[in-house]
1. Does the stretch A:63-82 hold any residues that are in a loop (DSSP other than H, G, I, E, B) and at pLDDT 95 or above, and which are they?
2. Would you tally the residues in the stretch A:104-119 being surrounded by fewer than 19 Cβ atoms within 10 Å (Cβ to Cβ) and within 11 Å of chain B (Cβ to nearest Cβ)?
3. Determine which member of the set B:72, B:52, B:63 is closer than 23 Å to residue B:9 by Cβ and either within 13 Å of chain A (Cβ to nearest Cβ) or in a strand (DSSP E or B) (or both).
4. Given B:346, B:391, B:382, B:386, which one is out of contact with any helix residue (DSSP H, G or I) (no Cβ under 9 Å at 6 or more places or on another chain), surrounded by 20 or more Cβ atoms within 10 Å (Cβ to Cβ) and in contact (Cβ under 8 Å) with a residue 12 or more places away in the chain?
5. Give the residues of the stretch B:95-124 that are within 14 Å of chain A (Cβ to nearest Cβ), under 33 Å from the mean Cα position of the chain (by Cα) and touching a residue at least 40 places away in the same chain (Cβ under 8 Å), sorted by residue number.
6. Please work out which one of (1) touching a strand residue (DSSP E or B) at 6+ places or on another chain (Cβ under 6 Å); (2) modelled with pLDDT of 90 or more; (3) farther than 23 Å from residue B:472 by Cα is the condition residue B:169 fails and give its number.
7. Could you go through the stretch A:120-143 and let me know if any residue there is part of a strand (DSSP E or B) and either within 11 Å of chain B (Cβ to nearest Cβ) or modelled with pLDDT of 95 or more (or both).
8. Within the stretch A:83-98, how many residues turn out to be part of a loop (DSSP other than H, G, I, E, B) and more than 25 Å from residue A:117 (Cα to Cα)?
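The values are calculated or read from the model by the stated rules, or taken from the named source; none is laboratory data. Bear in mind the structure is a predicted one, so any value in this text is a computation, not a measurement. No Cβ is skipped: glycine too gets one built from the backbone with ideal geometry, and neighbour counts run over all protein chains shown.
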């Protein structure tokens with residue numbers, strides 16, 4: 001089981017950032033690498049169990065299922081159903097925690113998955129740097145560091 | 001149920017912050033609201049279930065039990081088990097998370113609790129502001145100071161001449177000289193010089209000097225130790241300027257300390273026998289060493305060598321709020337003894353309890369020995385540390401358990417005078433009258449005692465509280481404060497920062 005953990009501090013209150021990241025269909029709005037997204041079956045994007053199907057700028061196609069959504073904890077958990085990455089049993093959680101000191105937000109993104117052991121280090125680095133950290137960088141540009 | 005959550009980001013790696021926070025009993029080292037803390041029942045600071053017993057700056061006492069501790073999650077939870085503050089059902093959690101983006105630390109401190117009706121907002125604000133946010137600020141300052149190098153180190157001190165350089169030249173300084181026995185006004189700064197060290201000697205530039213009540217006795221002539229004109233003082237810390245031939249354990253630039261006769265510590269520079277000057281570990285700062293070495297080494301040999309205190313023994317300590325008494329309480333408590341303090345006022349009783357005395361007895365309708373027997377199911381005390389002398393001696397003998405040990409190490413109330421040793425037969429008592437010098441007069445003896453003391457200080461078993469600092473030239477003010485009983489904790493004299501010119 002491989003594990004990825006990336007965390008950052010974003011210069012805006014958690015409830016503001018949450019408005020952006022809670023929308024399971026809104027990846028194209030804040031993640032530069034995502035070109036387009038839709039929710040399968042026309043379900044609402046906050047219906048637990050819904051599936052988002054999205055395409056990356058580089059052409060990659062992924063399907064992810066919303067496993068848990070918490071407006072109380074500012075957290076979203078999802079699994080990958082289909083991807084070009086070569087991962088299995090992939091479950092990730094994005095969570096926001098208020099930093100009461102200064103009205104900022106501590107954001108952490110974790111993922112656990114199985115994969116070919118030979119590819120694990122590269123996958124962990126790639127997901128950590130090019131997906132999670134890149135997403136935090138985008139949020140920091142949008143909301144302030 | 002009230003919920004308080006505060007969080008912050010500390011600009012330091014998580015390991016540095018966790019190193020401070022995981023020490024459950026270490027909060028009196030960094031939290032401004034915590035004056036003094038000890039662990040009950042001799043438990044370890046990372047032992048789940050341990051209880052930290054601490055006093056706040058306003059005097060309130062709080063006892064908290066460690067419920068969970070996880071090095072993996074860098075998280076612990078604790079609950080209040082007794083407090084002078086009405087926080088009920090209080091459970092708190094401290095949690096650290098790494099901020100991988102920048103190698104910083106996210107710290108969240110939260111709790112839930114109940115309060116009496118009407119005090120909700122007041123107590124919630126107290127917890128949030130004076131405990132959690134003040135704690136954030138203190139730890140931030142601490143880790144930043146550590147990494148920022150603002151701590152005073154002796155690398156930054158005036159460069160010490162290496163061995164050989166300056167040989168033959170005395171170093172000029174200032175000493176406090178007593179020209180005749182008398183009042184505090186007899187302590188006068190005078191130019192002094194430290195000659196180059198001869199064989200077996202070391203020359204020191206001193207950074208902190210400990211003040212003890214015995215210094216007053218030396219000044220007044222009550223003790224026949226200072227022959228005017230003379231310089232008082234038994235203990236100090238400093239840095240080695242140079243060493244004479246045949247000194248192997250010290251080197252120029254090294255931080256050192258001593259606590260031994262002959263007198264002469266009230267000075268900026270000093271040349272003395274190197275045998276009883278010991279290197280200071282990094283974690284013992286100069287003021288702590290200067291303020292605590294004499295009292296701490298005394299407590300060390302009283303508790304470990306004159307009588308080796310073992311778990312389950314009952315120890316009676318007179319003057320438990322005094323310099324040596326406080327350390328005896330702290331240390332005996334941690335050795336597993338049941339500690340009884342015998343003192344005179346409620347304020348001193350509070351200090352004794354904070355130091356670790358399980359029971360404190362004050363003069364009342366019952367005699368001291370009756371009170372001790374009431375507390376011990378009639379057994380009496382296994383060991384009694386008595387520096388009161390004349391007024392306490394008979395009571396001490398009467399308060400001993402069978403085969404108990406009376407350690408008489410001072411006579412604050414006057415000479416004990418001749419006594420009939422037959423009185424010891426009533427409980428097959430052992431009597432000791434130890435003398436500091438005989439437990440500390442070789443480098444081996446003193447080094448071993450100091451090492452055990454430093455270990456106890458590092459582990460927070462023993463704390464050295466510096467209540468007041470005076471400039472060395474104002475030593476007279478320090479003595480006046482001591483004689484007027486307006487000091488708290490230990491007193492140190494600080495020589496002026498400027499290096500003295502060589503003559």
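1. A:74 - this is the single residue of the stretch A:63-82 that is in a loop (DSSP other than H, G, I, E, B) and at pLDDT 95 or above.
2. Here the count works out to 1.
3. Of B:72, B:52, B:63, the one residue that is closer than 23 Å to residue B:9 by Cβ and either within 13 Å of chain A (Cβ to nearest Cβ) or in a strand (DSSP E or B) (or both) is B:72.
4. Being out of contact with any helix residue (DSSP H, G or I) (no Cβ under 9 Å at 6 or more places or on another chain), surrounded by 20 or more Cβ atoms within 10 Å (Cβ to Cβ) and in contact (Cβ under 8 Å) with a residue 12 or more places away in the chain holds for just one of B:346, B:391, B:382, B:386, which is B:382.
5. Residues of the stretch B:95-124 that are within 14 Å of chain A (Cβ to nearest Cβ), as a first pass: B:95-111, B:124.
Within this subset, residues satisfying the condition of being under 33 Å from the mean Cα position of the chain (by Cα) are B:95-96, B:105, B:107-111.
B:96, B:105, B:107, B:108, B:109, B:110, B:111, listed by residue number.
6. (2)
7. Scanning the stretch A:120-143 turns up no residue that is part of a strand (DSSP E or B) and either within 11 Å of chain B (Cβ to nearest Cβ) or modelled with pLDDT of 95 or more (or both).
8. 0
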